[in-house]
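The values are calculated or read from the model by the stated rules, or taken from the named source; none is laboratory data. Quick caveat, the model's predicted, so the values are computed rather than measured. We place every Cβ from the backbone using ideal geometry, glycine too, and count neighbours over all the protein chains shown. The accessibility values were calculated without ligands, DNA or RNA, using every heavy atom of the protein model including side chains. Shrake-Rupley method; radii C 1.70, N 1.55, O 1.52, S 1.80 Å.
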Amino acid sequence: MLYQISHQTSYTYSQSVSLSPHLIRLRPRSDSWQRLHDFSLSIAPQPQGCSEFIDLDGNNLTKIWFDRSTKQLALQVLAKVETLETNPFDYLVEPWATTIPFDYPSSMLKQLQAYLQPYSPMPDASVLELARDLVHEAREDVLSFLASINQKIYANCDYITRETGQPWPAGLTWKKKQGSCRDFAVLFMDICRAAGLATRFISGYQEGDLDLDDGDLHAWVEVYLPGAGWRGYDPTHGLAVCDRHIAVAASALPKYTAPVSGAVNPASGLRGDRQLLSSTLHTQISISRV
């Protein structure tokens, strides 16, 4: 599939502000699963400086900094991306990694430590129990287990829109039986991590309904399967990820996939003004096949 993406984001502030250096994670990745053909990023006000770099997770980041105050920050991304993977199960897992639990080799385990830690500081008992039940139902088969998690969340949890805020803890999402895509992604991650499977959080785009112009960023999960590498699962739609998802950023921690991050302070620098400072976020995303 070849997609054209338009992504506009604007922050409007209640007073003039001073912007600290900001990090932008909006460049789709380019690899064997998808190819980035064109990309442009427009920023207003014009930053004093701009640099591109690769972070610890291999994501493409843009760092911008400013030398004047403003009451608005606006970003516009235009990208053309070709997705290449039509069969999400076209792989061969290592023989020792087909059943749960399995032991990662020590060298691999060191590399995956960050992807095995629960998102919540204290693992939730209901999530641990759910993980045990699903492992039992799957008869310890790893691929059946992953498919079961996907369908369990998809069938039992209602999708709600939460435009801002960190993902909920996995136990809260499962208790409420509802959440946003990022909440479902964290729930999926923690179920896997409870069973000893390395996972990472993915931010990007999903095709959705191409007749609508009110798209949004999407979130899903990639699981590390020895012999097959990182493989995507989308519990919001109950799907294994293939050519209708466009990945932008990946990390063991969701906060390191945020599309825009950076501090904002009143231009006056007065504490009272900081307490009165408010902002409005407006996002418009459209995705179309080319």
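The Stokes-Einstein estimate for the range 85-200, based on a Kirkwood radius over Cα pairs and taken at 37 °C with 0.692 mPa s viscosity, is a diffusion coefficient of 219 µm²/s. Value of Rg to Rh for the range 64-134, rounded to two decimals, is 1.18; Kirkwood radius and Rg both from alpha-carbon coordinates. GNM on the chain, C-alpha springs below 10 Å: top fluctuator among P101, P235, P259? With Cα springs under 10 Å in the chain, the top fluctuation among P101, P235, P259 is at P101.
Once the C-beta distance of S16 and S288 is scaled by a Förster radius of 35 Å, the resulting FRET efficiency is 0.40 to the nearest 0.05. Here is the list for the range 128-158: trypsin sites (Lys or Arg not before Pro) lying in DSSP coil, each with at most 16 other C-beta atoms within 10 angstrom of its C-beta, are R139. For the residues P254, P95, P118, a GNM of the chain with alpha-carbon springs under 10 Å puts the largest fluctuation on P95. Carbon and sulfur together cover what percent of the accessible area of the chain at a 1.4 Å probe radius? Looking at the chain in its full context, I get 49 percent from C and S.
Per residue, the average separation of C-alpha pairs within less than 8 Å and at least 6 apart gives the range 25-76 a relative contact order of 40 percent.
Across the range 114-262, the mean sequence separation of Cα contacts (distance under 8 Å, 6 or more residues apart), normalised by length, yields a relative contact order of 25 percent.
Counting heavy atoms of the protein chains alone, K80 has an accessible area of about 50 Å² for a 1.4 Å probe. Total lysine pairs in the chain at Cα distances under 20 Å, for residues eight or more apart or on different chains: 5. Largest accessible area first, the residues Y154, Y3 order themselves as Y154, Y3 under a 1.4 Å probe with ligands, DNA and RNA left out.
Write down the accessible area per residue of the chain in Å², having rolled a 1.4 Å probe over the full set of protein chains.
On the way: 14410 Å² over 290 residues.
Solvent-accessible surface per residue comes out at 50 Å².
Across all directions, the average projected area of the convex hull around the alpha carbons of the range 159-290 is 10.8 nm². Think of the range 198-264 as a dipole: +1 on every Lys or Arg Cβ, -1 on every Asp or Glu Cβ, centred on the Cα centre; then among Q206, G227, A250, G227 lies furthest on the positive end. How big is the gap, in Å, between the Cα center of the range 51-70 and the Cα center of the range 233-261? Taking the Cα centre of each part, the range 51-70 and the range 233-261 sit 20 Å apart. Placing R0 at 30 angstrom, the Cβ-Cβ distance between K255 and H136 gives a FRET efficiency of 0.35 after rounding to 0.05.
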